[in-house]
Structure formats: structure tokens, C-alpha cells
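Q: First the structure, then my questions, so here it is.
Any read-out appearing in this document is the output of simple, stated calculations on the displayed coordinates, not a laboratory observation. All of these numbers come straight from a predicted model, not from anything done at the bench. We place every Cβ from the backbone using ideal geometry, glycine too, and count neighbours over all the protein chains shown.
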Amino acid sequence: MFTKSMWSKLLTFIFAATLIIGFSSMAGAAVIKVGSLNDMTGATSDVGKDYALGIAEAIHYVNDTGGINGKKIKLYQFDYGYRIPEALTKYNLFKRLKCVAILGWGTGDTEALAPTVARDKMPYVSASYSGHLCKPEKTPYNLFFATDYSTQSRGLITAWYRKKWPTKPDYNKRKPRIAMCYMFASPFSSASIKAAKDQATMLGFEIGPDQDVSLFAIDTKSQILALKEFKPDVLLHTNTVMSVAATLRDSYALELGADNIIKCWGYDENLPKLAGKAAEGAIGCAPWAFFGLDVPLMDKVIEYAKKYNPGIPLEKRTIHTVQGWASALGLAEALKRADKVGDLSGPSILKNGFETMRGYEIGLGIAPATFTATDHRSQSEAKIYEYKNGKFSLIDSVDLRTEWPDKWANEWLGW
Amino acid sequence: MSTTWLPCGNYHQNYTEDHAWWQTKFIKGKMIFLALILFIVIPFVSDSYMLSVCNLIGYTILGALGVQLLIGFCGQITLGHAAFIAVGAYTSTLLILEFPWPKFLLDWGLAYPISIILSAIIAGVWSVLFGLPSARVKGFYLILTTMAAQFVTVDLIITQYISQIGGRGQAFSLPPGTIKVGPWVIDSDFKVYFMMLFFVIVCTVAMANLLRSKVGRAWVAIRDNDISAEVMGINVFKYKLLAFFAAGFIGGIAGAFWISNLAAISPDHFPWFWSLWLVGVILIGGAGSIHGAIFGSLFMVVIMEALQIAVMPLGDTFPKLLMDFLFIKEAVFGLAICAFMIFEPNGLAYRWWQIKNYFNLWPFSY
């Protein structure tokens, strides 16, 4: 029989042994270490879980297909619950573990860490796609593989103007009317509003009163009623999916009669489930293909989802898994290029990795990625989908660089 | 009386001896040893991760001290302390970024130190505002009124209104070089560490002194039995509000200190969960003891980080373990509170007191 003191000795021994093994493992073997900050339990976990799963599965795929020129990636993936103090200590832990780059998450951690990653020269590939992060002068080490929010909003407005406005009875009789629904105080939601208004003005829209819709909103009737007088033809939504679904439902119930155009985080497979009939005809920007669509590499995404997370039914997986894959594969490519020149330091990953990419094709339905030393907008193309009859279909693709080359090059960088 | 070793029994001959901080040369030696560790060994041996963990411990201590004062010493249960920390952080940030400071104050690096004092005062006053219901309610009802502080302050005022001052990316991004104390720009974990030490020591000493004054005794009397305290002539309402002010003041310092560790500030930094966490810290550390706030913070931060590092090697075999660690961490937090409530209801501070007594009497303990 174990006595009380024997139990306590045994427990102390196990704890001490685990600690010793833990600390000793930090002296690493010949692998490339990458940190990943994810939100599985916090405020953005509705979209964060799938993204995190995508990251882990994509790193398995990279390792299974030769790694980084033969070296395996060791992924340290942590859930920080969208708590910023947690993100700060995790960042320092990644540095201590000698991670060469970090796959970050939302606006909260990305903005809190932006000057620090610049000082430490630590490449930080985030899922925050704010246009503010694209100017290397200000945020040299913040990167992402997606169409930035500002380009998404410009593309959405342009696509609606081209494809939908001519079908309206008032076409050529008056200016089209647009209003924007977003959380004023959220840097994430409001990131692209200035660009959206600029694009709407340029195309000759009449812009209605902005509506403050919380990211946690479940009732938006007052905002929709406030728009009734303005009678918008189209509403731009820049919140996440729960809040967008609430706005769509209320807009449908109160018969506002406006079309809906939605930024990437509000436009996924859960939108029709949450908004029901109100989601019919919703137009959104999705820089990646929806989960399961027939695009290059999607077979691998499905295969690895089945292999590593068999407990999650495929029908529950979303576009955010594909997003996670895009970030991880993009970073892996940058690491391969930097490793080829034999230097995996932060500046080398930036200069010899990311900034050598010119029209780099990841697959997964993503437009080719290009980074230069003066411009970190990886894509100029906004892919526009429409949800109709139970499926998402690509209806347009707006390439801002091709359509407005001067403005793209000289005016629109960094906001 | 020996000035080196404290003899068994209490041989103090006057109040000065009785209330002396360090009663013997041995205790003085121990404190000098502790100061050497804190000021020399830790900062010069630790890497930036260890220092950032130390800074998080300091931030937790500063938060927990205010909660300890309210719950542990004055018996006023609070679940809204993160709001007062947020008020301190936002006041300091706004003052630094928006206030037209005279040039000489900026040059001398005094803007931030002055903003800390003002932040502490404003957070204290804000805390008093939410302490007002304590005149009429206590217990569960007070918990709800203090929770309202979180929702009104962070979710409504800061998120909806304060965050909009100055436009996005201006007011609340703290560019490198903004936080300056005298000639030093606070731009590394190393410098933040020394600031943290300064604030923790000043706040701990101030609180310890306050508690052995008339005010502190009044708080303890209110905690033990507010009706008896009133019968004895203590103005219960006044002292309760004073406790809210002092707790808010320390919370304000915590918030203003924490911005030195950040490059940007947003309402996400001050979730309601943080208030709950701070209550957990003092329950584990020991309610009604300054040591409790310190031990609780050490326990909650160091044990969690150590556990995390310990599970890392298991990550190869169980890849989801690292991702699921936050679940483990929260489960450990809950279990630790249950375990402490059952097996060590007086917290770590009581265990520390027992250990000290054991060695004080050693080898002739009875």
C-alpha cells in the first residue's frame, strides 16, 4: 500500500522528471522551429479553431513532402485564447525556443506585437489582413498570404457595381447607394472602411450613414431601421460571421431590400447555416477556395483533415482550414528559399524568402503571391463569390493592379 | 534582546520594536539576499522569456494587491478589478499620446511618470464610483455591482467611445520610444523588469504600511463584522469607499505600468476573465495577506509556465497537447482553487508562515 508520503514523493518525482525532460528538450535537434499562436477558446474561436487545425495539418504535409529542403519543421502551436498578455509571453517563449518565424492570428496579437517583431526581425505571418500591415517601411516583418482587407472591400464594391447594379431597375436613373455595417471601435472591422469609401466615391456611389454593429451583435434591428430611410442598394459588412449573419437576418426580416457584400471573415460555410434564407444571394470575397472545392491541393487538405483529425466530420470543416494551409505553405516556401542560401535568420527569410516571391502559386484557389521590398500586398486580386442555391460560386475577379495601375502603385499602399 | 535572532516568545519592549519592518539582523540579511536576487541575479541571468514571465508576475501582483485589499482586508467582494486596471492603462496612454505636455517635461522623460500618478488617481476615483453601492449591498449583490464596472467601463465606455479618440492606429498604438522614464526609453523586457520591481515594492510597502495604520485596522474591523465596526464608531461607508479608492489606485498603477510592456492597447487586454483570475490568485495565495497576493501570483504564473514547458516534449507523441494546454491550464486553475479551498483554505501564505515558524523554532519545535 502506498502511504500518503509515498504518494507525495511519487508525484513530486513525476513532476520534477517531466520538468527536467521538458527543459532539456529545449536544446533542439536539427529542425526548423516555427511558432504558431492560435485562438481555440477565445473571442474569435468561432473561426479560429478551423484555422489552427489547418496550420497543424499543413505542417504535417510539408514535413511529409520533404520538409524544408530535407529539414523537418517543428511546430510549437499554442492556443492563447485571444488574451493579449498570454500572446506576449508566448511570443517570448517562441524566441526562447529559437523559432525562426511565427504564424500569428488576429488583429489583437498582431498589432500588439508589430513593433516588437520589427525590432526582433521576426517574420510574423498573421491571419490579420489589414492593409495597414502592408507597408514595409512601417511593419517590415508582418506578412500574410491573402488579399488585404482594403483590396477585398474595393473588389467587392467594384464587382457589385459591375455585375449587380446594371440589373437593378434604377440603373442609369440615379447613383447607386451603399451603406457600411461594422464595429466602429474594432480595428479589425474598421480597417478597410476608409478604402471602401474611397472606392465607392470613385465609382460614383452615394454613401449612407455608417452603422455600428458589434462583433457580438445578435440583434441589429435598430441599425437596419436607421437605414430604411436611405434605402441602400447594397450593404458592405466587415465583421465576423456571427455578427454578419445577425445583420443579414434582420435586413431580410425588415425587408430592407439591399444586396449584401461581405469581407472574408464574415463569409464562410457557416453563414448560410446561421442566416438561413437571408444568406441567399450574399456576395463575399474569399481569397481562398471554400473547403472541398475542386482546386489544386484541395485533395491534400481533405486527406490530411481525415488523417489527423478524423473526429471532425468533413462537412463541419470550413474555408478557414484552407486559410491555415495557405499561411503555413506560404511560410514554408519562404523558409525553403532562405534555407537554400544557407541563412535562416529573420532578415534572410524576409529578403531571400518572401521578397523573392513573384507570382508564386500556392494552389488552393489563391491568387499568385508577390512581395517586394517596398510593397507587402501579396495579392492585388479580389476573388468574388456568390452564395446561391446552396453553393458558393465564383462570379468575378477584380485585379486592382491591372485596373487602376497608378493608384495601386502610388496611392493605395498602407491603408 | 538579541538583535540577531528573535528569541522564542515576544520580548518587544516598545511599539517601535514591535512594528519594525526587519526585527533582527538575520531578517535584514535575508531581505538583502532577496534584494540581491531580485535586482542582480534575475535580471542579469534571465533571458527575455524569463524576464517577460517575471513582468507578468509583477503585473499580476499589482492587480492582486488591489483585490486583496478589497476582499482580503475589507471584505468587499469584487469581480470588476480589470476595469480599474483598464482605466489606469487608458488614462496613461491618452495622457502620453494626446496631452500637450510642455517640451521640458517630455525631454526630461517625466510625461509617463506623471501620467502614472494621474492614472492611479483617476482609476481610484472611478473605483469609488462603483464602490458606492457597497453602502447598501454586500455579498452576492456587491459582486454583481462590481461586475457592472467591467461592462460599463470596458465594454461600453472604452470600447465604444474612448477607443475612437484620435482615430484608428493613432491614439492607442504606442510607437517605440513613447514610454520614457527620465533618460531611459522603456523598450525592452529588461527595463520593464526594473520598473515592475519598483512598482511592486512601492505598492507592497505602501499597502503594508496602510494596513498597520488606523485605516487598515478599520478595514479589518469592517471585514470581520461591519455592524460591530459601526458600533465602535467606525464610519463604515467612508472606509469602504477608501478601500475602493486604494484598490482602484493600485489597479491604475498596474494598468499604467502594463502599457510599458505593450506596443498597442485595446479593450481586448482587459477581459472580465482577468478579474476572476485575480480573485483566484488571492484565494490560492491566501486571502487577507499581502504575502498571499505575491505567492498567489507566483504560483499562478510560474506553475502554469513550468507546466507548459513540461508538456512540450510530450507534444511529439501527443501533438494536440500543446494546443489543448489552455484547457489544461484552466482546468488546473479550477482544480487548484478547489484543492486550496479544501486542503489549504488559508492559502500559500499560511503554509509559508508555518514553514517560517518551523525554522524559527528549529531544532526545538514542539
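Q: Could you work out, residue by residue across B:52-65, how many beta carbons of other chains sit within 10 Å of that residue's beta carbon, and then give the average as an integer?
A: The mean count of partner-chain Cβ atoms within 10 Å per residue comes to 2.
Q: Give the average, rounded to an integer, of partner chain Cβ atoms located within 10 angstrom of each Cβ in A:74-84.
A: If you average over the peptide's residues, the count of other-chain Cβ atoms is 5.
Q: A further question follows. Can you give the convex hull volume per residue for the Cα atoms of the protein assembly as shown, as a whole number of Å³?
A: Spelled out: Cα convex hull of the protein assembly as shown, divided by residues, is 196 Å³.
Q: Can you compute the label reach from residue B:137? Point 7 Å from Cα along the Cβ direction, backbone N cut-off under 18 Å, restricted to the range B:240-263.
A: Flagged as within label range: B:240-241, B:244.
Q: Moving on. Hydropathy at least 0.5 by Kyte-Doolittle, axial extent at least 30 angstrom from the Cα trace: which helices of chain B, defined as entire DSSP H runs, fit?
A: Length and hydropathy pass: B:189-211, B:236-258.
Q: Another question about this same structure. Quote the FRET efficiency, to the nearest 0.05, computed for residue A:358 versus residue A:314 with a Förster distance R0 of 35 Å and r equal to the Cβ-Cβ distance.
A: With a Förster radius of 35 Å, E is 0.50.
Q: Can you tell me which of A:216, A:145, A:188 moves the most in a GNM of chain A? Springs connect C-alpha atoms under 10 Å apart.
A: A:216
Q: For chain A, find the longest principal axis of its Cα atoms and tell me its angle to the long axis of helix A:193-202, 0 to 90°, nearest 10.
A: Approximately 30 degrees, to the nearest 10.
Q: Would you mind computing the Rg to Rh ratio of chain B from its alpha-carbon coordinates, Kirkwood style for Rh?
A: Taking Rg over the Kirkwood Rh, I get 0.98.
Q: Can you tell me the alpha carbon radius of gyration of chain A divided by the globular rule-of-thumb value 2.2 N^0.38 Å?
A: The value comes to 1.04.
Q: Averaged across B:302-313, how many Cβ atoms of other chains sit within 10 Å of each residue's Cβ atom?
A: Mean shielding count: 5.
Q: Turning to a different aspect of this structure: Check which residues have an amide H placed less than 5 Å from residue A:177's amide H, if you skip close sequence neighbours.
A: Answer set, sorted by chain and number: A:206, A:233, A:234.
Q: Continuing with the same structure: By per-residue mean of other Cβ atoms within 10 Å, what is the highest-first order of B:269-278, A:202-211?
A: B:269-278, A:202-211
Q: Then there is this: According to a simple spin-label model (label point 7 Å from Cα along Cα-to-Cβ), what is the distance in nm between residue B:35 and residue B:103?
A: Simple spin-label model gives 4.0 nm for this pair.
Q: Could you work out the relative contact order of chain B, using alpha carbon pairs under 8 angstrom and six or more residues apart, expressed as a whole percent?
A: Relative contact order, chain B: 27 percent.
Q: Let me ask something additional. From Cα pairs below 8 angstrom and at least 6 apart in sequence, can you work out the relative contact order of the range B:76-185, rounded to a whole percent?
A: Relative contact order of the range B:76-185: 45 percent.
Q: Continuing with this model, one more query. What's the angle, to the nearest 10 degrees (0 to 90), between helix A:241-253's Cα axis and the longest principal axis of chain A?
A: In chain A, helix A:241-253 runs at an angle near 20 degrees to the longest axis.
Q: Lysine pairs, Cα distance under 30 Å, 8 or more residues apart or cross-chain: how many in the range A:342-415?
A: Within the range A:342-415, the lysine pair count is 4.
Q: State the answer as a single residue: which of B:288, B:231, B:251 lies farthest towards the positive end of the charge dipole of the range B:223-366, with beta carbon charges of +1 for Lys and Arg and -1 for Asp and Glu, about the Cα centre.
A: It is B:231, whose Cα lies furthest towards the positive end.
Q: Relative contact order (percent) for the range B:258-366, with alpha-carbon contacts under 8 angstrom and 6 or more residues of separation?
A: After rounding, I find 31 percent.
Q: On a 0 to 90° scale, report how tilted helix A:298-308 is relative to the longest principal axis of chain A, with both axes built from alpha carbons and the result rounded to the nearest 10.
A: Result, in degrees: 40.
Q: Report the calculated FRET efficiency for residue A:171 and residue A:294 (r = Cβ-Cβ distance, R0 = 45 Å), to the nearest 0.05.
A: The pair residue A:171/residue A:294 has a calculated efficiency of 0.85.
Q: Right, something else. List the lysines whose Cα lies under 22 Å from the Cα of residue B:138, skipping any in the same chain that are fewer than 8 positions away.
A: B:238, B:240
Q: Give the calculated FRET efficiency between residue B:206 and residue B:331 to the nearest 0.05, with a Förster radius of 35 Å applied to their Cβ-Cβ distance.
A: Once the sixth-power term is evaluated, E becomes 0.45.
Q: Oh, and also: Beyond a 24 Å Cα-Cα separation, which of these cross-linked pairs lie in this structure: A:49/A:300; A:95/A:336; A:175/A:277; A:49/A:273?
A: A:175/A:277
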